[in-house]
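Visitor: Just passing along the structure, written as structure tokens.
The values are calculated or read from the model by the stated rules, or taken from the named source; none is laboratory data. Note that this is a predicted model, so its numbers are computed, not measured. Please note: Cβ atoms are built from the backbone with ideal geometry, for glycine as well, and neighbour counts cover all protein chains shown.
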Amino acid sequence: MHGVVHTTSQVILGLSPLMVSLAVFVLTYAVIVTERINRAIVALIGAGVMILTGVLHQSEAFAGIDFNTIGLLTGMMVIVAITQKSGVFQYVAVKAAKLVKADPWGLMMMLAVVTALFSALLDNVTTVLLIAPVALLITDALRINPYPYLFAIIFASNIGGTATLIGDPPNIMIGSAVGLTFNDFALHLAPVALAILALTMIPLWWFWGRKLHAEQDARDQVMAFDEREAITDARLLKQSLAVTALTITGFVFAHSLGLEPATIAMFGAALLLLLRAAGHDPEHQTEQVHKSFAEVEWVTIFFFVGLFVVVAGVEKAGALKIAADALVDFTGGELALTAYVILWASAVISAVVDNIPFVATMIPVIQNLGSVVGPENLNTLWWSLALGACLGGNGSLVGASANLVVAGFAERAGTPIRFLPFMLAAFPLMLASIAVSSLYVGWRYL
Amino acid sequence: MTVRALPVCPPTLTLAPEATVAEAMSMMIQREVNHIPLCEPGGRFLGLISSNAILRALVPASARVEHGVENLNFVGDALPMLLDHMKGNADRRVVELADASVAPVRMETPLLEAALLLSRTNTPLPVVGDEGRLLGMMSRRMLLTYLLDKSRNG
């Protein structure tokens, strides 16, 4: 997306590059929204057409791919794929449940905190994939309705993901494109994410928490869980916790060392793979490495690659400059209004469509606004975009991949989450979190 | 060679679809079997209930499904939980737990195909005739007996 424009486009049939790139862009996004064709395929086809029609040269397309985002995501996915095999997530969830003596409302708060914490440090999909099954198991043992817990897990994962650079893909993209560091995100977004998580618990308590009750014998059953038994591989646990800690420390100091997050994540992944491989014969190593790589979500990675190229195409053709001008016309270039429009529009749009393509498009749009609102004020807009896009994911069941993962799991386990009932509770709650974000942005930056 | 070569005979043990899970369980225990075909009064095959399918309904859903909890070592003594699930399932209609993946074969099905199907499941294969009427069950042992006999006696 920061593709350097070296050439003028030689678009086939002498068509206008702007029109062709817009057509490809709109068509790509329209097909992504229908979810009829796998999104990675759609994005790659769109990217291919951008090059084949001559909007972009291959070198410009490659320059448009943010390999820092790709590397950071892939590295973290490898680390998580290995770490989860140790059983550490079950351990923490069970431990948390026992800390509150298996009290239903205490359990909901604990699971929300644990989910938010893991989501801040790992990707949201992995976190909910690991926490949701344990939550279901515990509510099963408690003989209580799992729905409020799954709802809380979805909310906590998107709120937790908002807090850090590596928590949610929009933040990874924004941080990478703009050069905002891990610490920047932690200082600017973590406080408000924490506040929103705490405030979200109030309506959850009102809706469900105050009415939840578990029999003593059921609670005793959960208290009899032995979390230590959940650790399946103690050696792996030590290795992966050490590498995860090292990687996160790396993120904290990356900027002052002049390093990018992708380097840290990829190096962490390589280190963990090395520790795993040590002492095994080459054949076994190959098998292990193959398995770890196979768990990387390649669909997401290739989706990013394709999207970056599609966005580079519309950017080069000038469409995003036009969009930025339109935004300025609408807000008169006034910082506060621009920030609020970005925050609220991002939230509502991210509730219904994937926030990754949305943010990929918005980044160059906002970069174009620097001359209007002043470069020193641009960060206010980045925080608004990050808050809107990440928290907006809570607005509906399709708002974020993590929501769909929880819904898919719940459905398989026979406790389906329905689209409309979820949205009726989730959308207003999401808007409330955006209202809190507005207050925060207004108080801190405007 | 087809399924017809095997001594498939009319089933002595069937259940009506409205029988309960508890009834299926006690029948399995009494008759020392692991699978009971479900048939309409007219004899049409509706599905197969297996002890495995009943067990699957009793273990926690959170561990049973794809991407679920991988082991339950840490749950400790979960007898109350199993008994809870027992209570929840005992009165369900047995047809709800019938194994949907069990596809019946016909007398004309080639023996090799039947062998392949058997190798992929852990239940015997229902053999049906016209209008889906159950003609009998084809078990692994039936097939292995036939093959051993053929390999020895040509």
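Visitor: Looking at the stretch B:70-101 only, could you name the residues that are within 25 Å of A:Leu130 (Cβ to Cβ) and of a type in the set (A, V, I, L, M)?
Guide: Once the filter is applied, which keeps residues that are within 25 Å of A:Leu130 (Cβ to Cβ) and of a type in the set (A, V, I, L, M), the stretch B:70-101 yields B:Leu72, B:Val75, B:Ala78, B:Met81, B:Leu82.
Visitor: Which condition number does A:Asp140 fail, the rest of (1) in contact (Cβ under 8 Å) with a residue 60 or more places away in the chain; (2) more than 18 Å from A:Leu404 (Cβ to Cβ); (3) part of a helix (DSSP H, G or I); (4) within 14 Å of another protein chain (Cβ to nearest Cβ) being met?
Guide: Every listed condition holds for A:Asp140 apart from (1).
Visitor: Would you mind stating whether A:Arg219 is buried (at least 17 other Cβ atoms within 10 Å of the Cβ), of a type in the set (Lys, Arg) and within 14 Å of chain B (Cβ to nearest Cβ)?
Guide: Against the criterion (buried (at least 17 other Cβ atoms within 10 Å of the Cβ), of a type in the set (Lys, Arg) and within 14 Å of chain B (Cβ to nearest Cβ)), A:Arg219 qualifies.
Visitor: Among the listed residues A:Asn355, A:Asn368, which satisfies the condition of being in contact with a Cys (Cβ under 8 Å, 6 or more places away or on another chain) and not aliphatic (A, V, I, L, M)? So that I can check it myself, show each step before the final result.
Guide: On the way: A:Asn368 fails: in contact with a Cys (Cβ under 8 Å, 6 or more places away or on another chain).
The unique qualifying residue is A:Asn355.
Visitor: Being within 14 Å of another protein chain (Cβ to nearest Cβ), surrounded by fewer than 24 Cβ atoms within 10 Å (Cβ to Cβ) and not basic (Lys, Arg) is the filter here; which residues of the stretch A:143-177 pass it?
Guide: Matches in the stretch A:143-177: A:Ile144, A:Asn145, A:Pro146, A:Tyr147.
Visitor: Something else about it: Scan the helices (runs of 4 or more DSSP H) fully inside the stretch A:260-370 and keep the ones with 1 or more residues being surrounded by fewer than 16 Cβ atoms within 10 Å (Cβ to Cβ) and of a type outside the set (Phe, Trp, Tyr).
Guide: Where helices (runs of 4 or more DSSP H) fall fully within the stretch A:260-370 and carry at least 1 residues being surrounded by fewer than 16 Cβ atoms within 10 Å (Cβ to Cβ) and of a type outside the set (Phe, Trp, Tyr), they are A:261-277, A:282-294, A:298-316, A:319-331, A:335-352.
Visitor: Are there any pairs with C-beta distances below 9 angstrom linking a residue in the stretch B:106-129 that is of a type in the set (Lys, Arg) to a residue that is surrounded by 16 or more Cβ atoms within 10 Å (Cβ to Cβ), with the two at least 6 apart or on different chains, and if so which?
Guide: Listed by first residue and then by second, the contacts come to B:Arg106/B:Val3; B:Arg106/B:Val127; B:Arg106/B:Val128; B:Arg106/B:Leu135.
Visitor: Quick one: in the stretch A:66-93, of everything that is surrounded by 20 or more Cβ atoms within 10 Å (Cβ to Cβ) and farther than 25 Å from A:Arg276 by Cβ, which residue is farthest from the other protein chains (Cβ to nearest Cβ)?
Guide: A:Asp66
Visitor: Within the stretch A:249-259, which residues are touching a residue at least 60 places away in the same chain (Cβ under 8 Å) and either within 14 Å of another protein chain (Cβ to nearest Cβ) or crowded, with 17+ Cβ neighbours inside 10 Å (or both)?
Guide: Within the stretch A:249-259, A:Phe251, A:Ala254 meet the criteria.
Visitor: Test A:Val113 against the criterion of being assigned to a helix (DSSP H, G or I), at pLDDT below 95, over 20 Å from A:Ile264 (Cα atoms) and not acidic (Asp, Glu), and give yes or no.
Guide: In short, no.
Visitor: Additional query: Every residue in the stretch A:46-65 that is of a type in the set (A, V, I, L, M) and closer than 15 Å to A:Val311 by Cβ, please.
Guide: Answer for the stretch A:46-65, where residues must be of a type in the set (A, V, I, L, M) and closer than 15 Å to A:Val311 by Cβ: A:Ala47, A:Val49, A:Met50, A:Ile51, A:Val55, A:Leu56, A:Ala61, A:Ala63, A:Ile65.
Visitor: So B:Leu82 clears everything in (1) of a type outside the set (Phe, Trp, Tyr); (2) without any contact (Cβ under 8 Å) to a residue 60 or more places away in the chain; (3) away from chain A (no Cβ under 14 Å) except one condition, right? Which one?
Guide: For B:Leu82, the exception is condition (3).
Visitor: Of all residues in the stretch B:130-141 being outside any strand (DSSP E or B) and touching a residue at least 24 places away in the same chain (Cβ under 8 Å), which is surrounded by the most Cβ atoms within 10 Å (Cβ to Cβ)? Even if it seems obvious, please write down each step before you answer.
Guide: Residues of the stretch B:130-141 outside any strand (DSSP E or B): B:130-132, B:139-141.
Subsequent filtering for residues that are touching a residue at least 24 places away in the same chain (Cβ under 8 Å) retains B:131-132.
On the way: B:Glu131: 9, B:Gly132: 16.
Ranking the qualifying residues of the stretch B:130-141, first place goes to B:Gly132.
Visitor: Here's another thing I want to ask about it. I'm trying to understand the selection: among the residues of the stretch A:403-429, which are facing another protein chain (nearest Cβ under 8 Å) and buried (at least 19 other Cβ atoms within 10 Å of the Cβ)?
Guide: A:Phe409, A:Ala413
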